[in-house]
Structure formats: structure tokens, C-alpha cells
1. Select from the stretch 82-128 the residues that are of a type in the set (Gly, Ala, Ser), open to solvent by 30 Å² or more (accessible area, probe 1.4 Å) and either at pLDDT 85 or above or within 25 Å of residue 29 (Cα to Cα) (or both) and list them in ascending order.
2. Within the stretch 31-79, take every residue that is surrounded by fewer than 17 Cβ atoms within 10 Å (Cβ to Cβ) and polar (S, T, N, Q) and give me the one that is modelled with the lowest pLDDT.
3. Considering only the stretch 9-20, state which residues are touching a residue at least 60 places away in the same chain (Cβ under 8 Å) and in contact with a Phe, Trp or Tyr (Cβ under 8 Å, 6 or more places away or on another chain).
4. For a quick check of your reading of the model, give me the residue pairs whose first member lies in the stretch 25-41 and is of a type in the set (Val, Ile, Thr), whose second is outside any helix (DSSP H, G or I), with beta-carbon atoms closer than 7 Å and at least 6 apart or on different chains.
Amino acid sequence: MTINTNKLPLLTRAIKEKRPIFLIASGAYKDYEIAGYPHIEELLPYKKSRIYLLISHFTPYGYDESYDYVVYGGNSQIFIKPYIILNNKPGFEDFKGSYLKLGFTNCERSPFAKELLTLGGFKLIPPT
């Protein structure tokens, strides 16, 4: 799994401390429909809202310098079926307003970060 970021301090800390990275997608129902997402019927209840999905998570292990930084990670899991729809999860609205931005953001202080770990079935790697 790779992502691009220009936030080297956050990236190096995540690598050093083996902190998970979560990929969250957002879009209108029509965006997911046009993109050909499988199991689109699961998104019907949110057709009139912006839809937020937990797409994947991984633990970063390194990066390459390019235009920004390309992050490499292992233990990747991509969630397709069932979708992990964040819209109705307790605490998501506060999280969305404070932490959900385009790009790489540290959300460890958000109570919803613990929910993300639970939703993704993520197992934290103990510090070495």
C-alpha cells in the first residue's frame, strides 16, 4: 500500500512508532456509482449525504522521496464487503469536523481514533 504526503514529521513518527494509517474516502452516492463500486446498494441509505468509507488501513514501514513522499506499508487490509460506512458511527461528526482533511493528518487525540481501530479490526504492533 502506498500513499503520497508532504508531511515528513508525521510520516517519520508513524514509521518509528508503528502507528496505523487509515484511508478514508468520501463522495456523493453518484460518485461511487460512476466509479463502479461493487455492492453499491449498501450505500443507498446515504444517497442524499456525503458518504464516508473506511477504505483501508496499514502500518507504514518506509518512504521514498519523490514529488512529495511515497509511504510504504505492510499489513494492509482493504475493506470492500461489507463497506465500513462511517457516517452513522458515534463520534464521527466531531471527528469529521476536526480531523478529516485532505491528506495526512494526525488524529490520535480524537476519541474516534479508537473507533477506527475497532472498526478495522486493527491490531497495534507493540513498540520495540
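1. Of everything in the stretch 82-128, those that are of a type in the set (Gly, Ala, Ser), open to solvent by 30 Å² or more (accessible area, probe 1.4 Å) and either at pLDDT 85 or above or within 25 Å of residue 29 (Cα to Cα) (or both) turn out to be 91, 97, 98, 103.
2. If we take residues in the stretch 31-79 being surrounded by fewer than 17 Cβ atoms within 10 Å (Cβ to Cβ) and polar (S, T, N, Q), then 77 is modelled with the lowest pLDDT.
3. Across the stretch 9-20, the qualifying residues are 10, 11, 20.
4. Sorted first by the residue in the stretch 25-41, then by its partner, the list stays empty.
The values are calculated or read from the model by the stated rules, or taken from the named source; none is laboratory data. Source: prediction; values computed, not measured. Note that we place each Cβ from the backbone using ideal geometry, even for glycine, and neighbour counts take in every protein chain shown. Areas reflect the complete protein model, heavy atoms only, side chains present, ligands, DNA and RNA absent. Shrake-Rupley method; radii C 1.70, N 1.55, O 1.52, S 1.80 Å.
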